[in-house]
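*Asks:* Here it is: the structure, laid out below.
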């Protein structure tokens, strides 16, 4: 239960950080990405502030046997850079530059009641659904392709 | 650099870092918004409630911003709706294919010096900048 309250409060603080920093304003995000135009360096300070704090917190967490309110840490373990990672990040970057919203600011901005934001978020959820369907279909197809061979096969 | 806001941005960044740190040190979770959202849209047993709580917090924080800092929603630049929908599709699909977004890769992963997150972050900043460059310089900034 405590963990759920802290998740909620983390969400509130995260949203306040996004709002205060300027991340909820596409004009700032697109200004930051406009390196060859009227570059607005502000978001570099958001990144510096967030990474500065989290860098220390992460190193501290390595000295803890477990988190304070949960049995264990659930951290990503992979370290291989594959084509899905790079292609996915490239497609995300395209959408970020086009719309000026990434997922956190878009969800936070839903609270403003702006229809355009709701359209972005609905499209984002649809994009996630499409990815999940495509992955399922691909998994089924490769299982089917692997079946006649009869052996163990791994992509 | 007419809209430069280094102090507000640094303060906001510190708050984002504190929030992500609390989620790590208290609950052992990574504050990756796209992953948190995906885990609610397609729930896994016993692993969606904390995600829903975080997202509810994000929305509640948005309501507070609307009341006390309405300038946070002075978007300044909203693309035409078809482009915005295309952007949303790309952000949703791309963050799932690439296993993360600005928060999970850009903040948490880069701080952990994860090679995957460093590669992803360099990639999405590059394609984001390229997209803005093409829109501003080929479309003449008219969108």
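*Asks:* Would you mind calculating the gained length between residue A:126 and residue A:81 on full extension (0.36 nm times residue separation, minus the Cα-Cα distance), in nm to one decimal? Present the calculation step by step, with values, prior to reporting the outcome.
*Replies:* On the way: separation 45, 0.36 × 45 = 16.20 nm, distance 2.59 nm.
Stretched out fully, the residue A:126 to residue A:81 stretch lengthens by 13.6 nm.
*Asks:* Given a Förster distance of 30 Å, report the FRET efficiency between residue B:118 and residue B:56 from their Cβ-Cβ distance, rounded to the nearest 0.05. Don't skip to the answer; put the middle values down first.
*Replies:* Details: r = 31 Å, r/R0 = 1.04.
After rounding to 0.05, the efficiency reads 0.45.
*Asks:* Among B:137, A:131, B:105, rank each residue by its count of other Cβ atoms within 10 Å, from fewest to most, as a rough exposure measure.
*Replies:* B:137, A:131, B:105
*Asks:* In addition: Based on the alpha carbon coordinates of the protein assembly as shown, what radius of gyration and maximum Cα-Cα distance (Dmax) apply, in Å?
*Replies:* 18.7, 65
*Asks:* Please report, for the Cα atoms of the range A:20-155, the Rg to one decimal and the Dmax as a whole number; what are they, in angstrom?
*Replies:* Gyration radius and largest Cα-Cα distance of the range A:20-155: 20.1, 60 Å.
*Asks:* Report, to the nearest 10°, how far helix B:115-137 tilts away from the longest principal axis of the Cα atoms in chain B, using its own Cα long axis and a range of 0 to 90°.
*Replies:* 30 degrees
*Asks:* Additional query: For B:102, A:6, what's the fewest-to-most ordering of other Cβ within 10 Å of each Cβ?
*Replies:* The most exposed by this proxy come first: A:6, B:102.
*Asks:* A further question on this structure: What relative contact order, as a whole-number percentage, does chain A give when Cα pairs under 8 Å and 6 or more residues apart are counted?
*Replies:* 24 percent
*Asks:* Shifting gears a bit: Treating each Cα of chain B as an identical point scatterer and ignoring solvent, apply the Debye formula and state log10 I(q)/I(0) at q = 0.14, 0.15 Å⁻¹.
*Replies:* Log10 I(q)/I(0), no solvent term: -0.87, -1.01.
*Asks:* Here's something else I'd like to know. Per residue of chain A, what 222 nm ellipticity follows from adding -39500 (n - 2.57) for every DSSP H run with n ≥ 4, rounded to the nearest 500?
*Replies:* -22500 deg cm²/dmol
*Asks:* Further question: Helix A:42-61 sits at what angle to the longest principal axis of chain A, using alpha carbons and giving 0 to 90 degrees rounded to 10?
*Replies:* Tilt relative to chain A: about 60 degrees.
*Asks:* On C-alpha positions alone, give me the angle between the axis of helix B:81-97 and the longest principal axis of chain B, in degrees, nearest 10.
*Replies:* Relative to chain B, helix B:81-97 is tipped by roughly 40 degrees.
*Asks:* Which residue fluctuates the most in chain A, going by a Gaussian network model with Cα springs under 10 Å, if the choices are A:63, A:114, A:24?
*Replies:* Its mean-square fluctuation being the largest, the pick is A:63.
*Asks:* Calculate for chain B the 222 nm mean residue ellipticity that helices alone would give, adding -39,500 (n - 2.57) per DSSP H run of length 4 or more and normalising by residue count, nearest 500 deg cm²/dmol.
*Replies:* -21500 deg cm²/dmol
*Asks:* On to the next question. Of A:106, A:57, A:118, which has the largest mean-square fluctuation in a 10 Å C-alpha GNM of chain A?
*Replies:* A:57
Read the figures in this text as sums done on the coordinates, not as results from a lab. None of the values given here were measured: they were computed from a predicted structure. Here Cβ is always computed from backbone atoms with ideal geometry, including for glycine, and neighbour counts include all displayed protein chains.
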